[in-house]
């Protein structure tokens, strides 16, 4: 692991690091915020998965999360959203390839060699950060925005024993029915739609749910609502009697101005659940 | 108007009153909580509509609402749920007739002569209480539990200029598709289902929505969830991009132990919206 940068932030340290990823076959960059409490022992962890076009940097610099994480004594991890680099396949579109890993393990050419973001987030990066930092493996929560909200929900419902708390901000909620999903699943997972189901939060909600209360926020003025499809997810959650809290918040769009506006609630939510 | 009782409560006055209702053709009882702030001028109003089998008394005695209303300086009005008395039609079932007015104006025999609860809540009782108490007609909110949540949502979406704030606790959310609704609408409104639509919160959400944020709470262990159908309402609200907050709260049932547990949030919600 290489240290790219470390900056004092709200009494803790905002670090950016890189490492050679086996899963993604490239150098991967990620950010870790350690709150001041990490100087005295292991702290709980909140994974933050970012959306399309983002790197590790967007939420780290624009979401204001460090202030609340420092207050609550919870670490933040901001992974990248895909493999990157010259040897890594890409597409001209913003929503496929680099910056658009969709948190799945690709099985199709040319993506399969590098695009293993499900495994990377679930296994490889945790092994690294739990060995390098004062983080409590038994107290992990996960959240994310847009494509990252999709990743957070699908990972948490698939591995609830690992992610003891989950929330999502404007998640892609029903990707098998959306152009944010169908295109990418076809490319990464192939044409057999039965293989897509494990990566659709609405289907996982219908089939499994989550053993805890889920917090989901959504702006009512989000320009991508027709692609996000929160109505499918909340209907499935209510029909299942899944404990959850959903807020359609008036006037907010899909930007980080919105993400920053709800970040306090999400950090505190996870800190409370992981206490 | 006759005073049945008045008791000091949290610095204000919890009163119970009765009057001869023109709409319901019987003596109707209702309760008003005036917070201490009403001694100094008009205060905002929160209408609380009760559920099946309830009178004005259940929420008044079991919901703990007065403490929060006193803090926030908001009045509470607890109407009865139907006409009552010897000359009023009834049914042996708990969910039809007395105690089960469903907040509609009946058009069918034998109910039409007395069961005019829509008009009573919307027009007759307001005329009385606004003339008798220090209440601000321009700052009214409405909430309710179960059948009363149905009433609150349908009244607010029908008369948003009157009810400037709305919430609901475990509302009957889609009565045209539920045995809590179809039976009563058939009895009160007749077999033409097109006349039922104006009293279904899910249909009103699809067709109109509400010009403000709606708060809806629901217990995940509610024994009547199959009759309440919150999944239809939240799907319609999310699809419409209606600003709203829905909480499926783990482990709570349909009782007043649950209602009391969320009452603070609802009173403060309305007080904030009506400021």
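Per-structure values
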| quantity | calculated |
| --- | --- |
| Verdict on residue B:127 being more than 23 Å from residue B:190 (Cα to Cα) and surrounded by fewer than 16 Cβ atoms within 10 Å (Cβ to Cβ) | yes |
| Residue list for segment B:188-224, restricted to those being facing chain A (nearest Cβ under 10 Å), surrounded by fewer than 21 Cβ atoms within 10 Å (Cβ to Cβ) and either assigned to a helix (DSSP H, G or I) or touching a strand residue (DSSP E or B) at 6+ places or on another chain (Cβ under 8 Å) (or both) | B:212, B:213, B:220 |
| Segments classed as strands (runs of 3 or more DSSP E), wholly inside segment B:1-92, with at least 3 members that are farther than 25 Å from residue B:162 by Cα | B:2-9 |
| Meets criteria (modelled with pLDDT under 95, surrounded by fewer than 23 Cβ atoms within 10 Å (Cβ to Cβ) and farther than 21 Å from residue B:19 by Cα) for residue B:41 | no |
| Residue tally, condition assigned to a loop (DSSP other than H, G, I, E, B) and touching a strand residue (DSSP E or B) at 6+ places or on another chain (Cβ under 8 Å), over segment B:132-159 | 3 |
| Boolean, residue B:165 is away from chain A (no Cβ under 14 Å) and either within 25 Å of residue B:46 (Cβ to Cβ) or surrounded by 24 or more Cβ atoms within 10 Å (Cβ to Cβ) (or both) | no |
| Matching residues, segment A:230-241, being buried (at least 21 other Cβ atoms within 10 Å of the Cβ) and more than 13 Å from residue A:168 (Cβ to Cβ) | A:231, A:232, A:235, A:236, A:238 |
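Condition check ((1) touching a residue at least 60 places away in the same chain (Cβ under 8 Å); (2) at the interface with another protein chain (Cβ under 7 Å from one of its Cβ atoms); (3) in contact with a helix residue (DSSP H, G or I) (Cβ under 7 Å, 6 or more places away or on another chain); (4) over 16 Å from residue B:214 (Cβ atoms)) across all residues:
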| position | (1), (2), (3), (4) |
| --- | --- |
| B:236 | no, no, yes, no |
| B:242 | no, yes, yes, no |
| B:247 | no, yes, no, no |
| B:250 | no, yes, no, yes |
| B:258 | yes, no, no, yes |
| B:264 | yes, no, yes, yes |
| B:270 | yes, no, no, no |
| B:273 | yes, no, no, no |
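The values are calculated or read from the model by the stated rules, or taken from the named source; none is laboratory data. What you see is a predicted model, and the numbers here were worked out from it, not measured in a lab. Please note: Cβ atoms are built from the backbone with ideal geometry, for glycine as well, and neighbour counts cover all protein chains shown.
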